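Heads up: the structure comes next, in structure tokens.
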Amino acid sequence: MLVLKTLHIWMVISWFAGLFYLPRIYVNLAMVPADSVAERDRLLLMAGKLYKFMTPLGALAVATGLWLWFAYGFTGAWLHAKTTLVIVLVAYHLYCGRLLKEFAHGRNTRSHVWFRFFNEVPVVILLVVLFLVVLKPF
């Protein structure tokens, strides 16, 4: 079980690296001048590769988390709150994919400032999840 727990933590860390960096690339994409095609294409390539890399990591993080939940039989409202936040993170991840498609098709309407705030969502969720897991407050 400790190996599974270690793999889960590793997958979560790896997934979050992508969740932190992909929206940062979107900040830069939103700032690219219209005539800078090479810069736009390079950032789109980076974002696309990162999204393809982080998607299986997120799926494995969720899968190992569910495995731990069912293996340990954890109970408590803290776990339900954490699970809800994980669902929000999955939705955030999928929304990042939708935003990537909007950028790829030249349909982004949001400013770099919006993306700077959007970039902070997983940071806040991670902090709350860590408190829930460590403190198990309810």
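The values are calculated or read from the model by the stated rules, or taken from the named source; none is laboratory data. Since the model is a prediction, treat every value here as computed from it, not as a measurement. Cβ sites come from the backbone with ideal geometry, for glycine too, and all protein chains shown count toward neighbours. Ligands, DNA and RNA are excluded from the accessible area calculation, which covers all protein heavy atoms including side chains. Shrake-Rupley method; radii C 1.70, N 1.55, O 1.52, S 1.80 Å.
Points to keep in mind about this one:
- Solvent-accessible area assigned to carbon and sulfur over region 11-138 amounts to 72 percent, based on a 1.4 Å probe.
- Alpha-carbon spread of region 19-64, three principal axes, descending order, Å: 45, 14, 9
- Mean sequence separation of contacting Cα pairs (under 8 Å, at least six apart), scaled by the length of region 20-138, corresponds to a relative contact order of 49 percent.
- Calculated FRET value between Arg107 and Tyr21, using beta carbons and R₀ = 25 Å, to 0.05: 0.65
- Probe 1.4 Å - accessible area at Thr75, Å² to nearest ten: 110
- With one equal scatterer per alpha carbon and no solvent term, the Debye-computed log10 I(q)/I(0) for region 1-137 at 0.14, 0.20 1/Å reads -0.67, -1.14.
- Computed about the Cα centre, the dipole magnitude for region 82-138 is approximately 80 debye when only Lys and Arg (+1) and Asp and Glu (-1) carry charge, each at its Cβ.
- Accessible area of region 72-138 divided out per residue, in Å², using a probe of 1.4 angstrom: 62
- Taking Cα centre as origin and charging only the Cβ of basic (Lys, Arg, +1) and acidic (Asp, Glu, -1) residues, the dipole magnitude of the chain rounds to 100 debye.
- Couplings 3J(HN,Hα) for region 132-138, derived from phi with the Karplus relation 6.51 cos²θ - 1.76 cosθ + 1.60 (θ = phi - 60°), are 4, 5, 7, 8, 6, x, 8 Hz, where x marks Gly and Pro.
- Couplings 3J(HN,Hα) of region 26-43, computed from phi: 5, 4, 5, 4, 5, 9, 5, x, 4, 8, 9, 5, 5, 5, 4, 5, 5, 5 Hz, in residue order, whole Hz [Karplus 6.51 cos²θ - 1.76 cosθ + 1.60, θ = phi - 60°; x for Gly and Pro].
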